[in-house]
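Computed from the coordinates by the stated procedures, all read-outs in this text should not be read as laboratory data. Computed from a predicted model, the values in this text were never measured in an experiment. Positions of Cβ are backbone-derived with ideal geometry, glycine not excepted, and every protein chain shown enters the neighbour counts.
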């Protein structure tokens, strides 16, 4: 799949929502990710993530036994 030049230059932000409230040990495991808690879910947001880094992040989530309920890429903002 060929990407347009503007897509390659953008720093994508991925947002992953997992079930449950992140405690201190989960927050420590994701010290390179913005972590926010709302109700009974935790949202992990990371900017500047390529596909390899996204898969690594998902692997860490899986390793901790967290249940992923949503993964999406936020649209790039205006340049």
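Here are the numbers for this structure:
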item	result
Pair residue 21, residue 45: separation of 7 Å Cα→Cβ label points (nm)	2.1
Potential extension, residue 58-residue 37 segment - 0.36 nm per residue separation minus Cα distance	5.8 nm
